[in-house]
Amino acid sequence: MQNDMMKAIISEEPGGAEVLKPGLYKRPVPSGNEVLVRVEATALNRADILQREGKYPPPKGASPVLGLEIAGTVCETGTDAGKWKQGDRVFGLIPGGGYAEYAVIHEDMAMPVPENLSAIEAAAIPEVFLTAFQSLVWYGKLTAGEKVLIHAGGSGVGTAAIQIAREIGAEIFITASPQKHKACIGLGAAKAIDYKAEEFDKVIFEFNGGRGVDLIIDFIAGPYFKKNIDLLRTDGRLILLATLGGGSVDELDLRKILSKRLTVTGSTLRSRNLDYQIKLTTDFKESILPKISSGKIKPVIDSVFALEDVSKAHRYMEENKNTGKIVLRIK
């Protein structure tokens, strides 16, 4: 293999999981404040599937190679990067390029891998935990004693959000497939709801004696929106992170948003500018990473695939079988 090339997952055209093929790609060169990382593990995200299908192009200047998070070892630094040295174990969020032997990351986006974690465990943290932290703390302003509903509680973001909400001291409700309920309860959920067989709003109202919740984290959007609005208490907050169920709502009574003084916030993380992502990473590193280092909060890993089996990993995610993260082992 030539020194300037590396193993990576290549997709020459949009399509299904079968378009993902192992191949060679030009190894990135760190510039300015970037560091080059020898990647040991990365992880799957829904955004990877959308990008593979041609529905979610990478930000301008980002690698077209899939992969939004990495864990590995620093092997080279840019001319202005002075916070890391060769051999340092780091992990973090990147705008693309994770499905490869090497990737670059801005030095301020990199975090030290806790001594109690492997690279595989560290790779399961950045995207989902930063998203959950942003949703619960930055936007949701969740406080101890409040009630929060986390849809898709068995997902990567869901399992991260349950643990962060638990540490804040909130009462947690989740929706998920029945086979994921036990894991969610074990992480700290007070009530798990089968979203296919039960009406989540009715279950929570009954459980709470007719009272709703203060905060909802939602990935489904359209089909859940009316129920979410009904379920929120006065001054409640709804955080929309995706529209997996559809982006349209019919005959919505907006007066409920006014009368209950509700806040509806939509957010994506990948499209945020670098300064925003650095600030989010710094806040997360200061408030949540110590809890990960101590073992109070743990990355939840469903399964680990070899990089060459990436197509199988994508199909597995598309079948919604995973509880927690699906990780790709690079070496």
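For the stretch 1-74, averaging the sequence separation of C-alpha pairs within contact (under 8 Å, six or more residues apart) and dividing by the residue count gives a relative contact order of 32 percent. Using only Cα coordinates, the Kirkwood hydrodynamic radius of the stretch 137-212 works out to 12.2 Å. Does the stretch 1-139 classify as rounded, prolate or oblate by the C-alpha gyration tensor (a ≥ b ≥ c root eigenvalues; a/c under 1.5 gives rounded; else a/b over b/c gives prolate, otherwise oblate)? Judged from the Cα gyration tensor, the stretch 1-139 comes out oblate (a/c at least 1.5, b/c at or above a/b).
Rounded to the nearest 0.05, the FRET efficiency derived from the C-beta distance between Lys21 and Arg211 at R0 = 56 Å is 0.60. Counting Lys +1, Arg +1, Asp -1, Glu -1, what net charge surrounds Val90 among other residues with beta carbon under 15 Å of its beta carbon? Net charge in that neighbourhood comes out at -4. Stretching the chain fully between Arg261 and Lys291 yields a gain of 7.4 nm (0.36 nm per residue, less the alpha carbon separation). Taking the three principal axes of the alpha carbon atoms in the chain, the coordinate ranges are 65, 39, 34 Å, sorted in descending order. Model label points for Arg329 and Met5, set 7 angstrom from Cα along the Cα-to-Cβ axis, are 2.6 nm apart. Loop-located trypsin sites (Lys or Arg not before Pro) in the stretch 69-122 (DSSP state not H, G, I, E or B) with no more than 10 neighbouring Cβ atoms inside 10 Å: Lys85.
Here the Karplus relation 6.51 cos²θ - 1.76 cosθ + 1.60, evaluated at θ = phi - 60°, turns the backbone of the stretch 11-24 into coupling constants of 10, 7, 8, x, x, x, 4, 5, 6, 7, 10, x, x, 10 Hz, with x for every Gly and Pro.
Based on the mean of other beta carbon atoms within 10 Å per residue, what is the order of 26-37, 287-298, most packed first?
Working: 26-37: 19.1, 287-298: 15.6.
Result, highest mean first: 26-37, 287-298.
Pairs exceeding 21 Å between alpha-carbon atoms, taken from Lys147/Lys325; Lys83/Lys279; Lys196/Lys321: Lys147/Lys325. Taking a ≥ b ≥ c as the square roots of the eigenvalues of the Cα gyration tensor, an a/c ratio of 1.5 or more together with a/b no larger than b/c marks the stretch 157-293 as oblate. Over the stretch 265-331, the reciprocal of the mean inverse Cα-Cα separation, the Kirkwood hydrodynamic radius, stands at 14.6 Å. Secondary-structure-derived ellipticity at 222 nm for the chain, considering helices only, amounts to -7000 deg cm²/dmol, per-run term -39500 (n - 2.57) for DSSP H runs with n ≥ 4.
State the percentage of accessible surface on the chain attributable to carbon and sulfur atoms; use a 1.4 Å probe and exclude ligands, DNA and RNA.
Details: 7370 of 14550 Å².
The computed percentage sits at 51.
If you average the sequence gap of Cα pairs under 8 Å that are 6 or more apart and divide by the length of the stretch 1-130, what percent do you get for the contact order? Each step should come with its number before you reach the end.
Working: 311 pairs, mean separation 36.5, N = 130.
That works out to 28 percent.
What is the calculated FRET efficiency for Glu13 to Asp283, with r their C-beta to C-beta distance and R₀ = 30 Å, to the nearest 0.05? Here the calculated transfer efficiency is 0.15. Each residue was assigned an accessible area with a 1.4 Å probe, and for Val203 the value is about 30 Å². Efficiency by 1/(1 + (r/R0)^6): what FRET value for Lys182 and Thr79, r their Cβ-Cβ distance, R0 = 45 Å, to the nearest 0.05? Working from the Cβ atoms, E equals 0.30. Among the protein heavy atoms, those of Val249 account for about 60 Å² of accessible surface (1.4 Å probe, every chain in place).
Solvent-accessible area per residue in the stretch 1-100 equals 48 Å², computed with a 1.4 angstrom probe and all protein chains kept.
The values are calculated or read from the model by the stated rules, or taken from the named source; none is laboratory data. Predicted model only: the values in this text are computed from it and were never measured. Here Cβ is always computed from backbone atoms with ideal geometry, including for glycine, and neighbour counts include all displayed protein chains. Heavy atoms of the whole protein, side chains included, go into the accessibility calculation; ligands, DNA and RNA do not. Shrake-Rupley method; radii C 1.70, N 1.55, O 1.52, S 1.80 Å.
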